[in-house]
Structure formats: structure tokens, C-alpha cells
Amino acid sequence: METMGKRLSKALKDAGMSQAELARAVGASQQAINFIATDKTANPRNIEKIARALGVEEAWLRFGNQNGPELQRSPTPPPAPIVSNFAPDLAKDLPIRGTSNGISESIKLSANDVQGYTSRPAFLVGNMRAFAVYMNGPIMEPRYFAGELLLIDPVRPSQQGDFVLAELQSGECLVRQLTKIGSESITLGSLNPEEETQLPRDDVRHLHRIAGSWDI
């Protein structure tokens with residue numbers, strides 16, 4: 001079965017572009033493009049810009065047809081804009097942490113796992129414990145999308161209703177909504193699918209509050 005990821009890979013090959021070049025063209029991260037190419041997200045928010053940059057129809061990229069991209073290709077596709085969500089005066093010193101095993105949607109934190117640095121928003125200036133992680137998988141769509149950079153504030157206490165990075169005693173982390181805090185358990189909710197998971201409080205090391213996100 002031909003998937004969106006396979007169609008994207010074919011369109012990239014036909015256009016002579018790499019994932020990194022496409023990411024720069026649409027103002028996204030390479031990881032976000034890779035998530036689409038490997039079918040880890042089913043509803044990417046920037047699919048229209050991606051189709052335009054590759055010179056194919058959005059409908060073909062999303063759903064496909066028997067004719068392939070050649071008959072869908074626009075004769076003179078408009079140039080894709082370079083989009084940046086970062087103001088030029090923001091310090092680029094916020095560490096991007098976490099690793100993924102590429103199979104589950106969990107994120108693993110460790111002492112020396114800094115993958116790079118991103119711009120630090122004004123509300124995290126001076127917060128030296130703050131960091132960012134890439135959203136892994138579609139489980140929190142439409143709130144957060146795969147490849148989106150989540151801004152984590154470990155200092156501000158998490159409250160019921162907040163979106164959090166739940167760090168488990170195993171070192172794995174889950175992006176969820178904190179729906180209930182009980183005396184012996186913590187309940188976390190996902191959006192895609194909508195379901196709740198109850199964990200013993202002793203299994204949860206820390207609830208890091210998600211303060212915002214960079215859509216790159």
C-alpha cells in the first residue's frame with residue numbers, strides 16, 4: 001500500500017531535493033519532514049507548503065491516485081517562502097534534549113543528551129533548568145504535532161489541566177495532559193486517541209510543565 005510517506009519520498013526524489021533542503025524551504029525541522037516520510041504522523045500541519053515546494057498537488061500527497069505525481073505536478077509552482085518563527089534578537093542557548101528509539105512515542109532523557117540548541121523565548125530567560133524536546137508521534141495532535149519543539153519549564157509547578165512532559169522513574173518521558181492528581185496516582189490523558197492512563201505516583205519522577213512550543 002502506498003502511504004503518504006512513500007509519496008513524499010517519491011516527490012523528493014523527482015524534485016531532486018533532500019529532506020534537509022525541503023525542511024529549509026518550508027520553514028520546518030528536518031525531523032518533522034522525516035516523521036512524514038516514515039509515516040509517523042498522519043496529519044502534518046504544513047502539508048500544503050510541502051506540496052507547493054515539491055510542485056505536486058496537496059490532494060495527491062495526502063491521498064494519492066493511480067496517475068502518480070507527474071500528472072498532478074503544477075507547471076509553474078510558486079517558490080516556497082522561508083519561514084522563521086524566531087525573532088533575530090533571541091538568544092539561541094536553550095538546549096534541545098531527549099532521544100527517541102524510533103519505535104514508541106516516548107522520549108528518553110539522560111544526563112548528556114543535548115542534541116543542539118534553539119532560541120530561548122523571553123519567558124524562559126534566566127531559567128537555566130529549561131530545555132526543549134521534539135514532539136515524537138501524533139498522540140497529542142492537534143495540540144502538538146510530530147517534530148514540533150516543545151518548550152519545557154521544570155521550575156513552574158504543574159497543575160491539573162496543564163500539558164506536561166511526564167518523566168517516569170525508568171527515564172522515559174511522555175507528552176500528555178495532566179488530568180488528575182490523586183494521593184496515590186496520577187492520571188494522564190492523550191488526544192489522538194482520546195484516552196486516559198492512570199499511573200502510581202511512585203512511578204512518576206517529575207511532571208515538567210510544557211510552557212509553549214516552536215513550530216519549526
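The values are calculated or read from the model by the stated rules, or taken from the named source; none is laboratory data. It should be emphasised that the depicted structure is a prediction, and the values quoted were computed from it without experimental measurement. Ideal geometry is used to build each Cβ from the backbone, glycine not excepted, and the neighbour counts take in all protein chains shown.
Applying the criterion of being of a type in the set (Gly, Ala, Ser) and touching a Lys or Arg at 6+ places or on another chain (Cβ under 8 Å) to the residues of the stretch 100-134, the residue that is modelled with the lowest pLDDT is SER100. Checking each residue in the stretch 108-124 for being in contact with a Gly (Cβ under 9 Å, 6 or more places away or on another chain), under 14 Å from ARG97 (Cα atoms), in contact (Cβ under 8 Å) with a residue 40 or more places away in the chain and not small (Gly, Ala, Ser) picks out LYS108, LEU109. When we screen PRO154, PRO138 for residues that are of a type outside the set (Ser, Thr, Tyr), more than 18 Å from the chain's Cα centre (by Cα) and buried (at least 17 other Cβ atoms within 10 Å of the Cβ), the only hit is PRO154.
In this structure, ALA28 does not satisfy being part of a helix (DSSP H, G or I), modelled with pLDDT of 75 or more and small (Gly, Ala, Ser).
On inspection, LEU151 qualifies as touching a helix residue (DSSP H, G or I) at 6+ places or on another chain (Cβ under 8 Å), outside the structural domain of ALA32 (by TED's automatic domain parsing) and part of a strand (DSSP E or B).
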